[in-house]
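Here the structure is laid out as structure tokens; the discussion comes afterwards.
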Amino acid sequence: MKKLLLLAALLMSFSAASAQNYYPVEEYGLRAGTTRVELYGGMVLPQSDWDHNGQKVDLGTTGWTAGLGFYRNLTRVFALGLDGNYAQFGDGDKASDGSFLRTGAATGLVAGRVNLFPRHATRIYIPFGVGVGHVFSRKKFEDDSHKTYNSTDLAGMAGVGLEFDVDDIIFGLEGRYYLMRTRDDFKSQFGKGHIHYTEVMLKFGFRF
């Protein structure tokens, strides 16, 4: 009798183990081979003003920014993709002649990200990228006329973010620092070989 009870217990244990293997536990966090599409939006904080040829250069004040990211998780820890961003600065202070600058910057980057705690539903990550940046600054005069200065050159980005998953939906908060090299009439007019600015954004996305 004892042998029969022991055999029955073993069979029940085997059946329970098989059932557990057949119904896998939900896996949280990131997985290799998945794709992510993310939308960003928030505010941009331009660099401080500076002097050039005896005149103050003020590219603008706090403005708005929006962007789109497309990433492929090569591993749990590392993802690679493309990122596009546009930043519209607020109008700069008026100069002595009544003119002011209205500046915008757009970037298209090959971007990557390093994920910390990738197996968790809440993660810290480090985004970075390098690519092409275009900046324009339109000098507007009191008579509504204007003159625009442009530059297209190399751009880079690095930042830090916090995100969490709700099923396949992603929410998060991200801060970025952009550095953009300048050239042509923009560099000549404003006396800078590069500009930089910071962004703070909310993020929404999904994965598949």
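The values are calculated or read from the model by the stated rules, or taken from the named source; none is laboratory data. It should be emphasised that the depicted structure is a prediction, and the values quoted were computed from it without experimental measurement. Cβ sites come from the backbone with ideal geometry, for glycine too, and all protein chains shown count toward neighbours. With ligands, DNA and RNA removed, areas are computed over all heavy atoms of the protein, side chains included. Shrake-Rupley method; radii C 1.70, N 1.55, O 1.52, S 1.80 Å.
Here are the numbers for the structure shown:
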{"quantity": "C-alpha long axis of helix 2-22 to longest principal axis of the chain, angle in °", "calculated": "20 degrees"}
{"quantity": "Among T62, H52, L179 - extreme Cα towards positive end, dipole of the chain, charges at beta-carbon", "calculated": "L179"}
{"quantity": "Highest-fluctuation residue, A106, A158, A32 considered, GNM on the chain with Cα pairs under 10 Å", "calculated": "A32"}
{"quantity": "Cβ-Cβ FRET estimate between N150 and H52, R0 fixed at 22 Å, reported to 0.05", "calculated": "0.80"}
{"quantity": "Magnitude of the charge dipole, the chain, Cβ model with Lys/Arg +1 and Asp/Glu -1, debye to 20", "calculated": "1020 debye"}
{"quantity": "Overall Cα dimensions of the chain, principal axis frame, Å, largest first", "calculated": "105, 24, 22"}
{"quantity": "Portion, in percent, of the accessible area of the chain that falls on carbon or sulfur, probe 1.4 Å", "calculated": "64 percent"}
{"quantity": "Residue-normalised accessible area of the chain, given per residue in Å² at a 1.4 Å probe", "calculated": "57 Å²"}
{"quantity": "Listed pairs K139/K192; K139/K187; K94/K203 exceeding 24 Å between Cα atoms", "calculated": "K94/K203"}
{"quantity": "Positive-pole candidate from G33, F204, L101, dipole of the chain, charges at beta carbon", "calculated": "G33"}
{"quantity": "Value at 222 nm in deg cm²/dmol, rounded to 500, when DSSP H runs of n ≥ 4 in the chain each add -39,500 (n - 2.57)", "calculated": "-4500 deg cm²/dmol"}
{"quantity": "Mean separation of Cα contacts under 8 Å, 6 or more apart, over the residue count of segment 125-208: relative contact order %", "calculated": "28 percent"}
